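Structure first, then comments.
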Amino acid sequence: MSKLDSGGGPLATMVDLYAATIVVPTSRDIEAVSQALDLQFDLRRRADRSIALDQFRYDDLHVIAKLGGKVAPSAVPKIVREREFEIQIKTGLQYAWWKATHDQIYKANSVTASAGARLKRLESGTRAAIESLDNQLSDLQGAAKLQFGLSDDNSEMRRLASAEALLLIWPTSRRPSDVLSFSRTIVRLAEMVDVPLEDLGAWLASTDMMDVVMQNQITPAGAVTICLVRYLKGQFSDRLSAAEASVLVTSEMIELCPELAALPQPCVSGP
């Protein structure tokens, strides 16, 4: 109601009537989440808040999302597909800062000019300190990944992040415990069959793959294999054979994707 009272617009077009907040460890993780959201929704980035050049922004990412063309028109009414809502992506530090200061800084109804100026100075200084701490945590993450043989000096990190972002399609309980191993496997598989990770993500998020993604007995890696078989058809086995590689195939996967049973033996491992 406060939005309506302050001229926030009619309910039908108010983008933060429905809203969600996603909290990530550090700013290094924002891009992967943004890519994953782009697979699920039609997005547009909300304009950055105006801020003086001598102030520290350290602002969270706001996007406006809608189902739009990501779902079949026959499955969801137009009024639902076109309804826009806001998603905020915050780091853990940003979220803690927001919880601690939101009412005092953004929702205060009446403060004196001197008190307001003092709040703004305090806000800017605290943002600077939090931004510095976030950078240190991000560097710590990078150092930990370097320990496992990853490098920030090439595109490997970006490919692994894109592969990891695919897991956001599944609930946390169904994601593999070794995310790094999953990401490496998916990157290698996509490269062997010559499919960009962006295309793979779009295919996985399509309505044609919902019957596979929703199956508890199919792992995310298994769903990726089925997805590639469905979209590449006969080219999948040809490209695997050319790469002298194989994929794990289970009876549950064959039940959902009978084409897997026709793969030549060199392309198959497992039961």
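For the range 82-93, a residue qualifies if it is within 20 Å of the chain's Cα centre (by Cα) and not in a strand (DSSP E or B), and the qualifying residues are Glu84, Gly92, Leu93. Taken as a whole, the range 1-17 holds no residue that is modelled with pLDDT of 80 or more and either more than 25 Å from the chain's Cα centre (by Cα) or not in a helix (DSSP H, G or I) (or both).
Exactly one residue out of Leu240, Leu228, Leu232 is buried (at least 20 other Cβ atoms within 10 Å of the Cβ) and modelled with pLDDT of 90 or more: that is Leu228. Is it fair to say Ala245 is surrounded by fewer than 19 Cβ atoms within 10 Å (Cβ to Cβ) and of a type in the set (A, V, I, L, M)? Spelling it out, Ala245 is indeed surrounded by fewer than 19 Cβ atoms within 10 Å (Cβ to Cβ) and of a type in the set (A, V, I, L, M). Within the range 230-271, restricting attention to residues that are of a type in the set (D, E, K, R) and in a loop (DSSP other than H, G, I, E, B), which residue is nearest to Gln215 (Cα to Cα)? Applying the filter and picking the extreme gives Lys233. Scan the range 73-101 and report the pairs whose first residue is aromatic (Phe, Trp, Tyr) and whose second residue is part of a loop (DSSP other than H, G, I, E, B), with Cβ atoms within less than 8 Å and a gap of 6+ or a chain change. Final answer for the pair search is Phe85/Val15; Phe85/Asp16; Phe85/Leu17; Phe85/Tyr18; Trp98/Asp60.
Of the residues in the range 166-176, not one is in a helix (DSSP H, G or I), among the aromatic types (Phe, Trp, Tyr) and within 20 Å of Ala36 (Cβ to Cβ).
The values are calculated or read from the model by the stated rules, or taken from the named source; none is laboratory data. In this text the structure is predicted, and so the values were computed from the model without any measurement. Don't worry about glycine lacking a Cβ; one is built from the backbone with ideal geometry, like all the others, and counts go over all protein chains shown.
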